[in-house]
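J.: There's a structure below that I have some questions on.
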Amino acid sequence: MPAGTILIADDDAAVRTVLNQALGRAGYDVRTTGTAAGLWRWVTAGEGNLVITDVVLPDENGFDLIPRIKRIRPDLPIVVMSAQNTILTAINAAERGAFEYLPKPFDLKELTSVVQRALAITPRKSEAPAQNDGEERLPLIGRSPAMQEIYRVIARLTQTDLTVMIMGESGTGKELAARALHDYGLRRHGPFVAVNMAAIPKELVESELFGHERGAFTGATNRGIGRFEQAEGGTLFLDEIGDMPLEAQTRLLRVLQQGEYTTVGGRTPIKTDVRIIAATNRELRQLIQQGLFREDLYYRLNVVPLRLPPLRERAEDITDLVRHFLRKAEEEHLPAKRVDAEAFELLKRYRWPGNVRELENLIRRLAVLHAGDVITAATVAAELNEPPRFPDMLDAGQETLGAAVERHLSKYFAQQNGRLPPPGLYDRIVQEVERPLLSICLGATRGNQIRAAQLLGLNRNTLRKKIRDLGLEVIRGLRPE
């Protein structure tokens, strides 16, 4: 007996043949059609245990077909295929009740796995909200495999109220992902409130988040509304959560556990209805080992982890991103520009330590300052002006920084007499290198933290926090001999 009957609708005969053969070998009874009408006849006749359909069909859009199928057969799982590999495609599929979304081209093993899960699990009934035709306003840009997986996860999460932890390097678009979860989620009609923990002085974090009563501290002449109150019924995005002080972490844990909080200086618990999305560019497990982050809070926040890839891991998205940023520049009445093929190749080879934010800043700068209509490879090379890497950081006859570190570490391990060093070696080494690096850069810029942050390629708030954590003394106007 076949494992189940699968109904496939795709206007590409080659795709139908490949899927027929692959799923047939897996033991399924497969029926294929090139039209929505053919698929609809089978569904209304009660045939099939699973539907696999393309979005673009010659006689009807697949997204319009899904709600009709769900009305008459709500328990029939539907897998959507599409070459329109954008986040809105994934979200539209999830909103209309699709079991899964697969961007073309996809791996046949992945397809088989999805089919097995779909036939093993009866998906819950899902109400399809109003259609969104705003494909031109994409919250996230990119069609790479790495981004397709992000879109699929976000699409699933929009149908839930789960707490999400977004991880990724600075500039990868963590707030954009959080906004997408809100704007297309269950709380889309509520407020979206974003808070950067690294930008708030430690002594004000609790008041900023939870509010304060009049007279709670010096200068509190009136009652202050906190971010939780502002975000009531919506989403609170806590960026750089690793910088939250331990005292505030304890209060946040209470919110996650009991759904209530008290203001600073207040005594009456306040019930709250807020979805929390957190983000970090730091390794929280290391902070836990150092006693800087609560382990119980980590597990409460990390219900669904979402890792955003750095731009260097999705260089194939750079073309789409550049064109998107150029369109945005034109909308802001900046001169229209285009990028030639050689310039695109150079952009794809660059490592992008600042990720998408660095790319956007470059494109905006070129849109304003570049005189011609075409941005060439020479112009891009001059703007990027990559700093020399470690092998060049030496004087004649001296060893490189990397070689010096390797020599020092080899000697250190040899002194352990066959034993391993104490845990936390990575952080100790990084701190040893960070201290002189930051100190020398601050000296070179005469204490100008803005210029030092630019020189280091760091966010200014990140540099300020590192200065505080390392206990560095900043002397303005003096440059070391």
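The values are calculated or read from the model by the stated rules, or taken from the named source; none is laboratory data. Keep in mind the model is a prediction, meaning the values are calculated, not measured. Please note: Cβ atoms are built from the backbone with ideal geometry, for glycine as well, and neighbour counts cover all protein chains shown. For accessibility, only protein heavy atoms count, side chains too; no ligands or nucleic acids. Shrake-Rupley method; radii C 1.70, N 1.55, O 1.52, S 1.80 Å.
Conditions tested, residue by residue: (1) open to solvent by 10 Å² or more (accessible area, probe 1.4 Å); (2) free of Cβ contacts under 8 Å to residues at least 24 places away in the same chain; (3) not basic (Lys, Arg).
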{"position": "Val55", "(1), (2), (3)": "no, no, yes"}
{"position": "Gly62", "(1), (2), (3)": "no, no, yes"}
{"position": "Arg73", "(1), (2), (3)": "yes, no, no"}
{"position": "Ala98", "(1), (2), (3)": "yes, no, yes"}
{"position": "Asp107", "(1), (2), (3)": "yes, yes, yes"}
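J.: Could you say whether any residue in the range 439-458 is open to solvent by 100 Å² or more (accessible area, probe 1.4 Å) and within 29 Å of Ile288 (Cβ to Cβ)?
T.: No, every residue in the range 439-458 fails to be open to solvent by 100 Å² or more (accessible area, probe 1.4 Å) and within 29 Å of Ile288 (Cβ to Cβ).
J.: Right, next: Output the residue which, of all residues in the range 244-254 that are touching a residue at least 24 places away in the same chain (Cβ under 8 Å) and more than 24 Å from the chain's Cα centre (by Cα), is most open to solvent (accessible area, probe 1.4 Å). Don't jump to the end; show me each part of the working.
T.: Of the range 244-254, the ones touching a residue at least 24 places away in the same chain (Cβ under 8 Å) are 244-253.
Okay, now just the ones that are also more than 24 Å from the chain's Cα centre (by Cα), so 246-248, 250-251.
Values: Leu246: 74, Glu247: 114, Ala248: 1, Thr250: 68, Arg251: 61 Å².
Restricting to residues being touching a residue at least 24 places away in the same chain (Cβ under 8 Å) and more than 24 Å from the chain's Cα centre (by Cα), the top hit is Glu247.
J.: Among the listed residues Glu229, Glu203, which satisfies the condition of being modelled with pLDDT under 90 and part of a helix (DSSP H, G or I)?
T.: Working: Glu229 fails: modelled with pLDDT under 90.
Answer to the check: Glu203.
J.: Do we have Leu311 as at pLDDT 90 or above and open to solvent by 30 Å² or more (accessible area, probe 1.4 Å) here?
T.: no
J.: Ile276 passes all but one of (1) closer than 30 Å to Thr160 by Cβ; (2) open to solvent by less than 50 Å² (accessible area, probe 1.4 Å); (3) modelled with pLDDT under 95; which number fails?
T.: Looking at each condition in turn, Ile276 falls short on (3).
J.: Check Val51, Val30, Val15, Val55 and return the single one that is within 35 Å of the chain's Cα centre (by Cα), farther than 29 Å from Tyr184 by Cα, among the β-branched types (Val, Ile, Thr) and modelled with pLDDT of 90 or more.
T.: Just one listed residue meets the conditions, Val15.
J.: Moving on to the next point. Collect the residues in the range 172-197 that are surrounded by 20 or more Cβ atoms within 10 Å (Cβ to Cβ) and either without any contact (Cβ under 8 Å) to a residue 12 or more places away in the chain or in a helix (DSSP H, G or I) (or both), keeping them in residue-number order.
T.: Correct list: Lys174, Ala177, Ala178, Ala180, Leu181, His182, Met197.
J.: Moving on to the next point. One residue is enough: does the range 283-292 have a residue meeting the conditions under 28 Å from Arg143 (Cα atoms), modelled with pLDDT under 95 and open to solvent by 10 Å² or more (accessible area, probe 1.4 Å)?
T.: yes
J.: Run Ile241 past the list (1) touching a residue at least 40 places away in the same chain (Cβ under 8 Å); (2) farther than 30 Å from Pro423 by Cβ; (3) of a type in the set (Val, Ile, Thr) and report the number of the one that doesn't hold.
T.: Of everything listed in (1) touching a residue at least 40 places away in the same chain (Cβ under 8 Å); (2) farther than 30 Å from Pro423 by Cβ; (3) of a type in the set (Val, Ile, Thr), Ile241 misses just condition (2).
J.: Related question: Looking at Pro353, Pro388 in this structure, which one is modelled with pLDDT under 95 and surrounded by fewer than 16 Cβ atoms within 10 Å (Cβ to Cβ)?
T.: None of the other options fit; the residue is Pro388.
J.: Taking the criterion of being open to solvent by 10 Å² or more (accessible area, probe 1.4 Å), closer than 21 Å to Ser113 by Cβ and of a type in the set (Val, Ile, Thr), would at least one residue in the range 32-52 satisfy it?
T.: For the range 32-52, residues open to solvent by 10 Å² or more (accessible area, probe 1.4 Å), closer than 21 Å to Ser113 by Cβ and of a type in the set (Val, Ile, Thr): present.
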